[in-house]
Amino acid sequence: MNILRTSRVALRALGRNKMRSFLTALGIIIGVGAVISMVSIGEGAKRGVEDRFASMGTNLLFVSPGSRSSHGVHSGSGGFNTLKPEDATAIETQCDAVKYTSPSASTRAQVVYGNKNWSTSIQGTGAMYPEVRNWELDQGTYFDEGHVRTAAKVCVLGSEVKKSLFEGEDAIGKIIRVKAIPFRVIGVFKSKGESGGWFNRDDMMTVPYTTVMKRLTGQEYISSIDISAVSSARTKEAQTQIEELMRVRHKIAPGAEDDFQVRNMSEIAEGAAQATQIMTILLGSIASISLLVGGIGIMNIMLVSVTERIREIGIRMAVGARQKDILLQFLTEAIVLSVLGGLIGVFFGIGLSKILHYIKIFSEFKTTVSPSSIIMAFAFSASVGIFFGFYPARKASRLDPIEALRYE
Amino acid sequence: MSTPAIQIDDLTKVYKVGETAVHALRGISYKVESGEFLAIMGPSGSGKSTLMNIIGCLDRPTTGQYLLEGEEVSTFDRDKLARIRNQKIGFVFQTFNLLPRTSALENAELPLLYSSHINSKQRRELALKALESVGLKDRAHHKTNQLSGGEQQRIAIARALLNSPSLILADEPTGNLDTKTSAEIMEIFTRLNEDKKITLVMVTHEPDIACYAKKRIYMRDGKIIREEKGREGCEDQAR
Ligand SMILES: Nc1ncnc2c1ncn2[C@@H]1O[C@H](COP(=O)(O)OP(=O)(O)OP(=O)(O)O)[C@@H](O)[C@H]1O
Ligand SMILES: [Mg+2]
């Protein structure tokens, strides 16, 4: 019997018991659908993270205190307090692959305007922060070097903060209070369009880093330096230059451990993408379990079907079906069930991931159905059919013709 | 003389049931010439079906030799026996053994599913022709459970005819049918034997049915005890 003939016989046999066939396939439909939609959420999250980092600029570097070493124990007290604003100035002027730097010192505080208040992150930055971070203003202007030098009481609001304190009202020129100190609003950031609490860059405001140090926290060191390289291509070069310069400035002997670390954006993005990759694998494996359960369902029904059709098997053997023919017939039935289930499951999964996109908690990530996840789910469902169909099929093919014919 | 259709020599069959051995056949030797019509009779449990199963290549003897058209088939493996059944033998059973919820046509074409070199169109044509020869062409698309016992048995005969077998084996073909329908079935068998020269071996309990055959053998306890030819012993039958 050739494949075409066998599949036609299998389809006919399955058609004789439509409801049962459908219910059996449903296990696979749900399994494949779950795998595809879960993986699409994971992939979407990964894509979202990647996009987010890409929008921050691929020429971005960070210098932070503390060593890169894996044992991670820092010697001496105040091991983290090693960065000074002068380091930033030196990097900007002496490293030719570096374009701008922006020292950073931040805190969290309650911000008050009129009878409204809002707790948010207060980022102390340099005047070049918007250029370094590739971030545009919606209204007003950013503070300049003069503001930084004088630790001026000016601020630029993130769109979420602006909305919470001012709603529709114009914020420019208004006075808000942070820890009872009055700040004049001179600008509002353009929204990054990120909703939800996860890493929301619209829920923050910036002030000169000098203002944070002198007026808000009293710290003498900066917590990190944001740096932009002149181009993405020269990011690595900038990193080397910064490292060399910092070792000189911090008088670190050759072979001794650095008291700072320089990281670039692509490194950070990679780490974050890796985390979401793990999430994808986790979601996918959980969904695969339902596919496995679907496979067991197929095996169960095929076993029932073989028992019910012992007489039929006997008749087929009597008219000349070989063991191979019977094996193939039942195996094909199982495969047809799982492949049809898989096919419907693919569409179900695509639909499901589209719907999930409209559910609030997932709406941040664009769910993307990748061809590889479709192929994987499909191949997996077909092999589930072969694997779980084989045992019942072999059982059928090994029946004795006479006993099968006599079976009541 | 040409090779006999069936030649069996000292055939035995022993079934092991737990510790005890059941001797279903105890040394049977017989020869059926090509084109003969033979009836096998005997009390229940005398080994008729066991013999038929071996002749039909559904089973193998414990000892002894079986030549089917000169070919030693008692040593064949399962797949080779399946091939022989498909190409040379047609079966008709007491309980019809048709596939349920399946059309007469699909049932009739079943043997051709397992023989290569035939496409689905040819298969349909051959099946329709076979149904026509048993007078059931108009029932081709009826499901088997919508048909009477006689009609079902005629479909089974059509199925048995499909691969143009040289041998048809019928184990109590009229056992589940009334007298009139039995006569119809026997007419078909007689015609197949006389017109198409198909060798026929039939098991039956009914003497009048056995008298359609040109030879009769009687079995008891796994042995052949008597043979009758022609109308011998059928003098009191109506025909
Ligand atoms: N699979 C089997 N296992 C064990 N014993 C068997 C088996 N098949 C048949 N027998 C035994 O072999 C003997 C012959 O059985 P067989 O079916 O050939 O009888 P039969 O002549 O066809 O009877 P009936 O007229 O009732 O159909 C019986 O004693 C039966 O119990
Ligand atoms: Mg019997």
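The values are calculated or read from the model by the stated rules, or taken from the named source; none is laboratory data. None of the values given here were measured: they were computed from a predicted structure. Using ideal geometry, Cβ is built from the backbone for each residue, glycine included, and neighbour counts are taken over all protein chains shown. Surface areas here come from the heavy atoms of the whole protein model, side chains and all, with no ligands, DNA or RNA. Shrake-Rupley method; radii C 1.70, N 1.55, O 1.52, S 1.80 Å.
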* Taking only DSSP H segments of four or more residues, each worth -39500 (n - 2.57), what value at 222 nm results for chain A once the sum is divided by all its residues, to the nearest 500 deg cm²/dmol? -> -18000 deg cm²/dmol
* So what's the angle, to the nearest 10 degrees on a 0 to 90 scale, between helix A:3-15 and the longest Cα principal axis of chain A? -> 90 degrees
* Unit charges on C-beta of K, R, D, E only; dipole of the protein assembly as shown, Debye -> 720 debye
* Structure fact -> For the stretch B:6-229 the mean separation of alpha carbon contacts under 8 Å (6+ apart) over residue count, i.e. relative contact order in percent, is 30 percent
* Unit charges at the beta carbon, dipole of the protein assembly as shown: most positive-side option, A:I252, A:G173, B:P207 -> B:P207
* To do: Assign unit charges at the C-beta atoms only (+1 for Lys and Arg, -1 for Asp and Glu), then state the dipole size of the stretch B:78-134 relative to its Cα centre in Debye, rounded to the nearest 20.
  => 240 debye
* Student exercise, chain B dipole from Lys, Arg, Asp, Glu Cβ charges, in Debye to nearest 20 -> 520 debye
* **For A:R16, solvent-accessible area (1.4 Å; no DNA, RNA or ligand), Å²** => 70 Å²
* To do: As a check on your grasp of the helix formula, calculate [θ] at 222 nm for chain B: sum -39500 (n - 2.57) over DSSP H runs of n ≥ 4, divide by the residue count, round to the nearest 500.
  => -9000 deg cm²/dmol
* With labels modelled as points extended 7 Å from the Cα through the Cβ direction, what inter-label distance (nm, one decimal) is found for B:E125 paired with A:E50? -> 5.9 nm
* To do: Please give every one of the aspartates and glutamates within straight-line cross-link reach of B:K223, meaning a C-alpha to C-alpha distance under 13 Å, and leave out same-chain neighbours fewer than 8 residues apart.
  => B:D9, B:D10
* Mean separation of Cα pairs under 8 Å and 6+ residues apart, divided by the residue count of the stretch B:140-237: what relative contact order is that in percent? -> 23 percent
* **Relative contact order of the stretch A:67-258, pairs being alpha-carbon contacts under 8 Å that are 6 or more residues apart, as %** => 30 percent
* If you count, for every residue in B:78-86, the Cβ atoms of partner chains within 10 Å of its Cβ, what is the mean? -> 5
* Cα long-axis angle, helix A:18-56 against chain A (0 to 90 degrees, to the nearest 10) -> 20 degrees
* To do: For a quick protection proxy, order the peptides A:220-230, B:3-13 by their average other-Cβ count within 10 Å, most packed first.
  => A:220-230, B:3-13
* Quick one: which of B:K129/B:K197; B:K13/B:K214; B:K88/B:K196; A:K116/A:K174; B:K121/B:K143; B:K137/B:K229 span more than 24 angstrom between C-alpha atoms? -> B:K13/B:K214; B:K137/B:K229
* Within a Cβ distance under 15 Å of A:F388, other residues only, what is the Lys/Arg minus Asp/Glu net charge? -> +1
* Which of B:V134, A:P103, A:T217 sits farthest toward the positive end of the charge dipole of the protein assembly as shown, with +1 on the Cβ of Lys and Arg and -1 on the Cβ of Asp and Glu? -> B:V134
* Once both labels are modelled 7 Å past Cα along the beta-carbon direction, what's the A:N300-A:A253 spacing in nm? -> 7.2 nm
* Asked: GNM on chain A, C-alpha springs below 10 Å: top fluctuator among A:I286, A:I350, A:I298?
  -> A:I286
* Run the quick spin-label model on A:N117 and A:R149: label points 7 Å from Cα toward the beta carbon, then report their separation in nm to one decimal. => 3.6 nm
